[in-house]
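What follows is a single structure, written as structure tokens, with notes after it.
Rule-based calculations on the coordinates, nothing more; no lab input. Since this is a predicted model, take the numbers as computed values, not measurements. Methodologically, a virtual Cβ is constructed for each residue, glycine included, from the backbone with ideal geometry; neighbour enumeration extends over all protein chains shown.
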Amino acid sequence: MKLFTVLAKTALFFVIAMRASLALAYTANNTCSAGLFPGTVTWASGNNVGIKRDTCSMPDGNQRAAAWSGSTANWLKLSAVNSRFSLAGTYNNNCTIQNNNGVNEAGIVSRSSISGNAGLTVMIRTGCITGPSHYTEGDVMIADDMDFSNEDESFWRESDNQQGQVVMEHELGHFIVLGHSQGFDIMRTGTPEPLVGGTDFHGAPYPDDANGIRNYYCCSSEANVFASAVMLSGGTITATGDSSTFEVCRGGTVTLNYTVGNSGNQSATVNFRIYLTTNLGVPTGGINLWSGVAVTSGVSYFTETNSFTVPTTVPNGLYFIQWQLDDVNSLSEYDETDNFVHSASTVLVDC
Ligand SMILES: [Zn+2]
């Protein structure tokens, strides 16, 4: 793209603007279409809804317990969730989940016990005759053959069974209120599901997921931009780059796809840079291929493809490609940890 060739040579300050708007896709898990009180089934207001972790299948100190803490924390960062839901400690019932016992339980179970699914959330609710239908219990179950460690955010050597954390995040979305979507969302059906950048846990509500929660449970003004190394392409989620290495001379160009999102409900204009670095997963330092600002409206994302000139000052070497938002922390966000990400691709500068 001409714009970026000019930019790289003159170091002017350019703006990357939102290019792909979000098709809103969130749905409710259950709706009363008939009865005297049709409408979305939600948890009743006024009650704090607690959910318990099964310490038989997710013991303290285990990776599965860490996945539980990360998954729940990422939902609870949303004010609409935090005001109505909480962690309610633990239980242990010999690795079983009991539906319809009045307790909201979350555990890891055999895949065969949940009909071969990666996860299953069973919701129990009232009818729609005497008043609006509300949930009275929800039980979250995740298949035990999944890997619950931190998945690489660029889908490097991605496989379905590595998605244990984001599947947990997805099932919790069902527990809270959401149904399936076909958008760029963690509530989409099937895998892979999209990930955010950052250092640890990469399963998080995407813009449309967060928007759905705010619309069902209402809604503070809140900001969160994030960097992502995945994109929606041809109806599926794929990596922005494969695990190949671009061999390039100084002054040559590298073509990249990169994704930026805004899961808050307010617009944000923040610094944005794309850079080469030898320190994988470190947000600071590196050599910029591009820097300027990104403009995003609330509940949006964009994925762009552009070519960038490798500066003549880059020493020979193998570099990771990362992009970063708000490096000076000018925006107060509900998640400050998801602002940078690395591509699965690398760059070898050797001439
Ligand atoms: Zn689902």
Long-range amide H partners of W290, meaning residues 5 or more apart or on another chain whose placed amide H is closer than 5 Å, are I274
Shape of the range 161-285 from its Cα gyration tensor (a ≥ b ≥ c, root eigenvalues): rounded if a/c is under 1.5, otherwise prolate when a/b > b/c, or oblate? prolate
Per-residue HN-Hα couplings for the range 52-59 [Karplus 6.51, -1.76, 1.60; θ = phi - 60°; Hz; x = Gly/Pro]: 9, 8, 6, 7, 6, 8, 10, x
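How charged is the neighbourhood of H170? Take every other residue with its Cβ under 10 Å from the Cβ of H170, and add Lys/Arg as +1 and Asp/Glu as -1.
-4
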For a Förster distance of 22 Å, can you work out the FRET efficiency between the beta-carbons of T126 and D160, rounded to the nearest 0.05? 0.05
For the range 143-158, take each phi angle, set θ = phi - 60°, evaluate the Karplus expression 6.51 cos²θ - 1.76 cosθ + 1.60, and give the result in whole Hz per residue in order, putting x for glycine and proline. 5, 7, 9, 9, 8, 9, 6, 5, 6, 5, 5, 9, 6, 4, 6, 5
Label N101 and L318 with points 7 Å out from Cα along Cα→Cβ: what is the distance between them in nm? 5.1
Amide H of F308: which non-local residues (sequence gap of 5 or more, or other chain) have their own amide H closer than 5 Å, using H built in the peptide plane? V254, T255, L256
Give me the one-decimal nm value for the distance between modelled label points at E247 and A34, 7 Å along each residue's Cα-to-Cβ direction. 6.8
What distance in nm separates the two pseudo spin-label positions at C219 and S113, each 7 Å out from Cα along the beta-carbon direction? 4.0
Any residue on another chain or 5+ positions along whose placed amide H is under 5 Å from the amide H of E137 is listed here as I124
Treating the angle as unsigned and between 0 and 90°, give the value, to the nearest 10°, between the Cα long axis of helix 164-176 and the longest Cα principal axis of the chain. 50
Calculated Rg and Dmax of the chain using C-alpha coordinates, Å: 21.5, 75
Using a Gaussian network for the chain with springs between C-alpha atoms less than 10 Å apart, which of these wobbles most: G61, G281, G198? G61
Helix 63-76 against the longest principal axis of the chain: what's the angle in degrees, Cα atoms only, rounded to the nearest 10? 90
Calculate how many DSSP beta bridges within the chain are antiparallel, expressed in % of all such bridges and rounded to the nearest 5. 70
